[in-house]
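Asker: Quick one: the structure is below, questions incoming.
The values are calculated or read from the model by the stated rules, or taken from the named source; none is laboratory data. Keep in mind that this is a model prediction, so the values were computed, not measured. Cβ coordinates were reconstructed from backbone atoms using ideal geometry, including for glycine residues, and neighbour counts include every protein chain displayed. Just the protein is used for accessible areas: all its heavy atoms, side chains included, with ligands, DNA and RNA removed. Shrake-Rupley method; radii C 1.70, N 1.55, O 1.52, S 1.80 Å.
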Amino acid sequence: MDDVKEMAADRVASNAPSIISIEKITDEEVGGKAKGLAELTQMDLPVPPAFVIQRALGKKHPSDLKQQYEAIGAGLVAVRSSAIGEDGEESSFAGQYETILNVKGIRQLKSAVKQCVASLHSVRAEAYQHDQADLDCVEMCVVVQRMVDARAAGVLFTADPVSGRHDRLVIDAVEGLGEALVSGETTPDHFELDKKNNLVFRDLVADTPIISKKEILELAKGARKAAEKMGHHLDLEWAIDQDGTIYWLQARPITTLSSDLNEFDTPLADDYVVTRGNVGEMMPGAVCPLTFTTQGRAIEEAMQVMQIEYGAREEISEEWTNMSFFYGHWFMNLSGALDSSRYVSVNTKEAMALGVCGHLIPELKEPEDKMPYLRRLWGTVQFFRFCAKGAKRLDEFEQQVKFMHLRYTDDSCSMARELEDNFHWLVEADETQVRTTSGFTILEGIVQSIISKGNLPGTPEEQALVAKLLAGTQNVESAMLVEHLDEVLDKIAIQPEVQKKFQKAKPKAALAWLRSDAAGASAICFEEFLQRHGHRSYRELCVREKAWSDEPEKLVVSMQAAVAARFTGTYQPKKPEFVDPKQYGWLMCKVLPYAQRAICRRERNKSILVDVTNRLKRGYRYLGELCVKEGKLPDADLIFFFGRKELQDFVDNPTDQKVAHAIARRKALAFHEKMEFGDIYVGRPEPIVWQPDTSHNEGELVGRAVSRGIVEGKARVALSIAEAAKLEPGEILIAPITDVGWTPYFSLISGLATDVGSAVSHGAVISREYGLPAIVNLKVATKVFKTGDYVRLDADKGVLSRIDTTG
């Protein structure tokens, strides 16, 4: 009996509140906030003296609370929650629990601890736990920390949570305590630094910055040290006292960050020229890792095959010398490709620039160490032979590819091997495309030279004339696709009730009608069109994009607009203007037919290339489905966020870490898709930084985008939390500011706009975690807009504008 009483007493004692100083924390469960402070202290970074109350209770306090309070100075302290599970890598719980500043005396301290414990079960905290965190039970610990008499304070992100860039360190600074910044009551000075701690952007509230260059550098160095030691990017709070000493007040993971946006970037010399040029036309926007490591790799190897043909290299290498990849976007390495001009005479910088970009590029330089004349002459002959074999090679490949057979298996391991065994078909298709495209480029250059009398690149008028000459080509695959689609549309337009059943119907319903007997002959024409062209689609070389035959609703959407144009009279079919080549001499009459046939070959092979791509993309989708069936992936789409050579290793040895990395890469793609690039770059490309025009139009305001995305909808202007109770699902909330009390409403709204705030104010942090587009610091949004306005919130550019719905 005595033993039972002792065990019960021990259990009670072990669950009672106790205190541990920050510097003595090792493996104890003290919550994320306290753990972060302990790790900063162990790195010898300056942290104000503090202790932690473990298993804090509202009514019962540790017996040594007064003694520990006196040990850290018995003056003003900050009392902060440090709940178990708070400030973790999955969920930050930012602003969900209480923080009480300027607490003085043991009585106030006990009261502040009680408030922190009570906040564990507040409505906002429990709503957040339900929506954003998977925690069965949260235990409260409390950090008591000496206050800093702050001259300046703020937050620092070692990676930018808004743009997703891991190569940007962000600092926001305000005068005095940082609480005004975190609460969104004050707009901060904003600084951005690159990986070398160079200041690349700043936005000041006043003429003079709140913190000096020396302080910015010291903050950056300390933060990078902490992030490196902890092994992940950090969201840190800091303060600078009246003597200029920097103190670190908090460190937690950035929960909304994706994988490194530059994870797949390829090496590039500082003076090399790259372009989005025709690559951007072929593959607009960002691509998933699997697309670049399949399609991108196939094009790289195809170009290397050409270079082997004329002796510029001995064998295919794993290097990226012709294709480049930055920020999820595909570029062509013009300098790398031009390096082969050392071996041929025709591959000049002018020819390269005109062939790829359509204009001269002054920054592009030819290599100086060219081979002897006879060696380059031999290389030139071999290059022309390579191009001349294009027609024969296309005919051969068209027959060979009929034997491409992707065997669908019942397990992911063998299916991954099957896909890798069929990768060579993609390389061969791209190699044939390189042949046909190179041949056409040469012939097009000759036609242009005839028209401009050797003065390349010619005037815009002369370039337009060349386009007209080439437009007369017959039986071009891409032109035939348009003709066949027009036939389908013409038949749809004459069907009874077409406007109700097709044009104005939802895409799914329109497709169902189109495939029914009610659609008449148009149903047969549509199926014939898909049989011939169903492997095509928008971004058709991307392995993640479904072809029209697999997702015809996307095709139907564009068809609905085309049918509508036939009823409004805006549809005017046009035929290419015929230009007689005889007026440009006998040489044009000889060359033009070759150039036109070259266009046909290029487009014909493009269709074959897309067909091969489509077969592989279907295989990869099936592999994803197998992985879901086998419990290796939570959803099939994640298969596209592995590199090609990572797939076999993953299906053979799946781990939670690899799945989490794929999920983070999918997050990164969402950031990549928002980035825009120019045409030409010397050295590493950097995204265009959009600078809004602050001289806004009436009904349009410019602020700071803190959570990206674009949404349109009805505005709800709420000047108080009481007015926010009138919110309806899907409305865009416009408020002076939001604090933690507004949290339950974030699951209702579709976007957030506030008059004041920063990237770390409550609204910004919660918006990012809920995936809501948000703009802060709009200054007068609650005055310019009213409830019921239909607005567009563009958090990619930081613009909130009223949409006129009267027209």
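Asker: Extending each Cα 7 Å along its Cβ direction at Asp635 and Asn15, get the distance between those two points in nm, one decimal.
Answerer: In this crude label model, Asp635 to Asn15 measures out at 4.1 nm.
Asker: Figure the gain on full extension for Glu314 and Asn198 (residue separation times 0.36 nm, minus the Cα-Cα span) and round it to one decimal in nm.
Answerer: Going from the current span to full extension adds 37.6 nm.
Asker: Subtract the Cα-Cα distance of Lys783 and Asp271 from 0.36 nm times their separation in residues, and report this length gain in nm to one decimal.
Answerer: Taking 0.36 nm per residue and subtracting the Cα distance, the gain is 179.2 nm.
Asker: Quick one: net charge around Val205, please, counting Lys, Arg +1 and Asp, Glu -1 for every other residue with C-beta under 10 Å from its C-beta. Mind dumping the intermediate values first?
Answerer: On the way: positive: none; negative: Glu175, Asp189, Asp203, Asp207.
Here the count lands on -4.
Asker: Once you've got the Cα coordinates, tell me which of Lys59/Lys104; Lys370/Lys582; Lys349/Lys645; Lys658/Lys714; Lys229/Lys779; Lys546/Lys674 are over 29 Å apart. Provide the component values of the computation, followed by the final result.
Answerer: Details: Lys59/Lys104 19 Å; Lys370/Lys582 40 Å; Lys349/Lys645 34 Å; Lys658/Lys714 41 Å; Lys229/Lys779 39 Å; Lys546/Lys674 21 Å.
Table pairs above 29 Å Cα-Cα are Lys370/Lys582; Lys349/Lys645; Lys658/Lys714; Lys229/Lys779.
Asker: How do Asp194, Asp517 rank by accessible surface area computed with a 1.4 Å probe, from largest to smallest? Let's see the in-between values first.
Answerer: Values: Asp194 30, Asp517 150 Å².
Ranked from most to least accessible, the order is Asp517, Asp194.
Asker: Counting just the Cα atoms, what span does the stretch 401-499 cover along each of its three principal axes? Round to the nearest Å and put the largest first.
Answerer: For the stretch 401-499, the Cα spread along each principal axis is 62, 48, 20 Å.
Asker: Kindly report the accessible area of the chain per residue (heavy atoms of protein chains, probe 1.4 Å, no ligands, DNA or RNA), in Å². Intermediate values should be presented prior to the final figure.
Answerer: Working: 37490 Å² over 807 residues.
Result: 46 Å² of accessible area for each residue.
Asker: Towards the positive end of the charge dipole of the chain, with charges on Cβ (+1 Lys, Arg; -1 Asp, Glu), say which of Pro209, Ala493, Thr432 has the farthest Cα.
Answerer: Ala493
Asker: Compute the semi-axes of the equivalent ellipsoid of the stretch 337-453, taking the square root of 5 times each eigenvalue of the Cα gyration tensor, and list them largest first in whole Å.
Answerer: Values: eigenvalues 259, 59, 45 Å².
Working through the eigenvalues yields semi-axes of 36, 17, 15 Å.
Asker: Any chance you could run the full-extension gain for Thr805 through Glu29? It's 0.36 nm times the residue separation minus the Cα-Cα distance, nm to one decimal.
Answerer: Values: separation 776, 0.36 × 776 = 279.36 nm, distance 5.59 nm.
Using 0.36 nm per residue and subtracting the Cα-Cα distance, I get 273.8 nm.
Asker: Please compute the modelled spin-label separation between Glu625 and Lys453, points set 7 Å along Cα→Cβ, answer in nm with one decimal.
Answerer: 6.3 nm
Asker: Over the Cα atoms of the stretch 266-337, compute the convex hull volume and normalise it per residue, giving Å³.
Answerer: So the per-residue hull volume is 88 Å³.
Asker: Round to the nearest 0.05 the FRET efficiency obtained for His405 and Lys590 when R0 = 60 Å and r is the Cβ-Cβ distance.
Answerer: On the way: r = 43 Å, r/R0 = 0.71.
For R0 = 60 Å, the calculated efficiency reads 0.90.
Asker: Roughly how big is the chain's charge dipole about its Cα centre, with Cβ charges of +1 (Lys, Arg) and -1 (Asp, Glu), in debye to the nearest 20? Please report the intermediate quantities before stating the final value.
Answerer: On the way: 97 positive and 118 negative charges, 357 e Å.
Dipole magnitude for the chain comes out near 1720 debye.
Asker: Could you work out what % of the accessible surface of the stretch 626-668 is carbon and sulfur, using a 1.4 angstrom probe and leaving DNA, RNA and ligands out of the count?
Answerer: 55 percent
Asker: Let me ask something else about it. With unit charges on the beta carbon (Lys/Arg positive, Asp/Glu negative), name the residue among Leu120, Met323, Gln382 whose Cα is farthest towards the positive pole of the charge dipole of the chain.
Answerer: Gln382
Asker: Please get the size of the charge dipole for the stretch 264-386, origin at its Cα centre, with Cβ charges of +1 on Lys and Arg and -1 on Asp and Glu, quoted in debye to the nearest 20.
Answerer: On the way: 10 positive and 17 negative charges, 85 e Å.
Computed about the Cα centre, the dipole is about 400 debye.
Asker: Give me the one-decimal nm value for the distance between modelled label points at Ala118 and Asp649, 7 Å along each residue's Cα-to-Cβ direction.
Answerer: Each label point is offset 7 Å from its Cα along the Cβ direction, giving 5.4 nm.
Asker: Any idea what the dipole of the stretch 177-318 comes to, in debye rounded to 20, about its Cα centre with Lys/Arg Cβ at +1 and Asp/Glu Cβ at -1? Present the calculation step by step, with values, prior to reporting the outcome.
Answerer: Details: 13 positive and 26 negative charges, 50 e Å.
Value, rounded to 20: 240 debye.
Asker: Mind checking which aspartates and glutamates have their Cα closer than 12 Å to the Cα of Lys402? Skip sequence neighbours fewer than 8 apart in that chain.
Answerer: Those aspartates and glutamates meeting the cut-off are Asp611.
Asker: Could you look at the stretch 241-308 and say what percent of its accessible area is carbon and sulfur, using a 1.4 Å probe and all protein chains?
Answerer: Numbers: 960 of 2040 Å².
Carbon plus sulfur share of accessible area: 47 percent.
Asker: Take the Cβ-Cβ distance between Ala206 and Gln657 as r, set R0 to 45 Å, and report the resulting FRET efficiency rounded to the nearest 0.05.
Answerer: 0.45
Asker: With point charges of +1 on the Cβ of Lys and Arg and -1 on the Cβ of Asp and Glu, referenced to the Cα centre of the stretch 365-481, which listed residue (Asn455, Leu406, Val476) lies farthest in the positive direction of the dipole?
Answerer: Checked the options; the winner is Asn455.
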